[in-house]
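Input: a single structure, listed below in structure tokens.
The values are calculated or read from the model by the stated rules, or taken from the named source; none is laboratory data. Just so it is clear, the model here is predicted, and its values are computed rather than measured. So basically every Cβ, Gly included, is an ideal-geometry build from the backbone, and we count neighbours across all protein chains shown. Side chains are part of the model used for accessible areas, which takes the heavy atoms of the whole protein and leaves out ligands, DNA and RNA. Shrake-Rupley method; radii C 1.70, N 1.55, O 1.52, S 1.80 Å.
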Amino acid sequence: MDEDEPPTSAVLLDSCHFSQVIFNNVEKFYVPGGDVNCHYTLTQNITPRGKDWVGIFRVGWKTTREYYTFLWAPVPADVPGDSAVQQQIQFKAYYLPKDDEYYQFCYVDQDGMVRGASVPFQFRAETEDDLLVVTTQGEVEEIELQNKNLLKENEELKASFANLQKQNMELQEELKKTQELQKSLESLRSNTEKLELELNSLRTENNHLKEQGDLRGAELQQLKEQIEAVTSDKECLENRLRTALDHMDQLQSQVLNYEKEVETLSQVEHDKTEQLGSLEEENHQLYTTRAQQVKPSLTLRCFSLELPSFYLPVSRDLPNPFLSQRQNSELVEELRKQECLFQILQAEKNEADEENQRLRAENAALLRRLPQAGQGSPGSVPSWAPGSVPAPKGGGLVFGNPYCAAGGNLEAEAEVSLRRCPICDEVFPGDIETSQLEAHVQSHLLECPVCRETFEKSNQQVFDDHMFCHSLE
């Protein structure tokens, strides 16, 4: 069999001419494993060519490309123009089909057109139906008896087959149930594996959370220590703030007194200035009068030796400019003293203003550092307003009042020297250390370690409720 592909076409069966080549002696079946001889006749309507071929096609084919195997058709030596030519080719058993489907021979020219087709045939073994058997009457009776027995056995087999079929159905149902159970078991196994994975994951997460809890406990302990340190710092700052507020209130009171004294001294200076102006005007008038009287006085001096003694006292009644000038000098000296005193008081007032500004800045810094506690929450530490500390009485000054007696401000100095606890109103001496006063005030307070809000110890229940609210967060 040639290895080259035969010429084919996609032409449908309707355009083919099956009568130009006739296949002869085609068997109903061919035994598998043997060679097949194909006999066909070329009619006068076809002219054989070198690329014509004979193929075996499965029944139902549509185009010549669907061949199973083929052989090249031999070209006859002498081809009479008006007579048919018998041809024969042999297909080897190795290339033949192995199934029992129906096939047929087809003659295809080199244009791929089908020129002839055989009747269908099969490749199968020979059966008894294909043989003609001659038997005697006894053999017929024996065969009939065997047939009856076979029929009986057939019925029994049918009954057995029905039972087996019924059992098969039951077994199939049981198999289905078993398969369903198997699927359920596999699903349960899958779910169990998933649950085990989740359980392992939860265990791992639990261990991780425990480690985090231990770390958080250590961090909480550190935070508590930090809170205690900050609380101590806060108490110190609060005490410093209270002290600064008290000092600032005292300075504000002293500044007010300074301003009143400055106003008084300004009024005195104004009065002295007016008095000095009037004295200068009077002095000027005296000088004018004296200038006018210089010439008559010289004449009187010339004739004083010649006049009687009763004319001499006349000169004593004249205005004495030297007396007015001495009074003027005394007034100017007193005015200078007042100006020096005013400058000293003005310098003291400036120093007090600078100290006041410094304390205000320090107070603002302390307020920024302190938490915003005591905004109406129960049990919080009361805030100290700038005016809550009583101002010193009697207009006490830092350097003393030069217009008052030495003991005029003893009462104010005694009041300023005392310190009072803003919570229990306990009075302390003025020379007490600030740290002792701060420790005493802090002994009345409780501070939240979370939000740093401050409560009085007398409100222990409010503080406990506040801490419980933090534990619920």
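Check whether at least one residue in region 31-40 is of a type in the set (A, V, I, L, M), touching a Pro at 6+ places or on another chain (Cβ under 8 Å) and surrounded by 18 or more Cβ atoms within 10 Å (Cβ to Cβ), and report yes or no. Break it down stepwise before answering.
Our first condition is that a residue be of a type in the set (A, V, I, L, M); within region 31-40, this holds for 31, 36.
Okay, now just the ones that are also touching a Pro at 6+ places or on another chain (Cβ under 8 Å), so none.
No, because not a single residue in region 31-40 is of a type in the set (A, V, I, L, M), touching a Pro at 6+ places or on another chain (Cβ under 8 Å) and surrounded by 18 or more Cβ atoms within 10 Å (Cβ to Cβ).
State whether one or more residues within region 245-263 are without any contact (Cβ under 8 Å) to a residue 60 or more places away in the chain and out of contact with any helix residue (DSSP H, G or I) (no Cβ under 9 Å at 6 or more places or on another chain). There is at least one residue in region 245-263 that is without any contact (Cβ under 8 Å) to a residue 60 or more places away in the chain and out of contact with any helix residue (DSSP H, G or I) (no Cβ under 9 Å at 6 or more places or on another chain). With respect to the conditions (1) touching a residue at least 60 places away in the same chain (Cβ under 8 Å); (2) more than 30 Å from residue 454 (Cα to Cα), residue 231 lacks only one, and its number is (2).
Of 145, 171, which residue is in a helix (DSSP H, G or I), out of contact with any Lys or Arg (no Cβ under 6 Å at 6 or more places or on another chain) and surrounded by 12 or more Cβ atoms within 10 Å (Cβ to Cβ)?
Working: 145 fails: surrounded by 12 or more Cβ atoms within 10 Å (Cβ to Cβ).
Going through 145, 171 in turn, just one is in a helix (DSSP H, G or I), out of contact with any Lys or Arg (no Cβ under 6 Å at 6 or more places or on another chain) and surrounded by 12 or more Cβ atoms within 10 Å (Cβ to Cβ): 171.
Pairing each residue of region 420-444 that is part of a helix (DSSP H, G or I) with any residue that is acidic (Asp, Glu), provided the two are 6+ apart or on different chains, yields C-beta distances under 7 Å for 438/235; 442/235. Within region 59-73, if we keep just the residues that are in contact (Cβ under 8 Å) with a residue 12 or more places away in the chain and over 19 Å from residue 19 (Cα atoms), the residue that is most open to solvent (accessible area, probe 1.4 Å) turns out to be 65. The set of residues in region 267-291 that are modelled with pLDDT of 75 or more, over 21 Å from residue 337 (Cβ atoms) and either exposed (fewer than 12 other Cβ atoms within 10 Å of the Cβ) or among the hydrophobic types (A, V, I, L, M, F, W, C) (or both) comprises 281, 284, 286, 288.
Every residue, every condition in (1) open to solvent by 60 Å² or more (accessible area, probe 1.4 Å); (2) farther than 24 Å from residue 31 by Cα; (3) assigned to a loop (DSSP other than H, G, I, E, B); (4) in the same structural domain as residue 39 (by the TED database), yes or no:
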site: 75; (1), (2), (3), (4): yes, yes, yes, yes
site: 90; (1), (2), (3), (4): yes, no, no, yes
site: 97; (1), (2), (3), (4): no, no, yes, yes
site: 100; (1), (2), (3), (4): yes, no, yes, yes
site: 105; (1), (2), (3), (4): no, no, no, yes
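The requirement of being more than 30 Å from residue 420 (Cα to Cα), open to solvent by 100 Å² or more (accessible area, probe 1.4 Å), part of a helix (DSSP H, G or I) and free of Cβ contacts under 8 Å to residues at least 60 places away in the same chain is satisfied by residue 188.
Quick check on this structure: which one of 367, 345, 359 is of a type in the set (A, V, I, L, M), at pLDDT 50 or above and open to solvent by 70 Å² or more (accessible area, probe 1.4 Å)? Talk me through it step by step, then tell me what you get.
Details: 345 fails: open to solvent by 70 Å² or more (accessible area, probe 1.4 Å); 359 fails: open to solvent by 70 Å² or more (accessible area, probe 1.4 Å).
Only one candidate passes the filter, namely 367.
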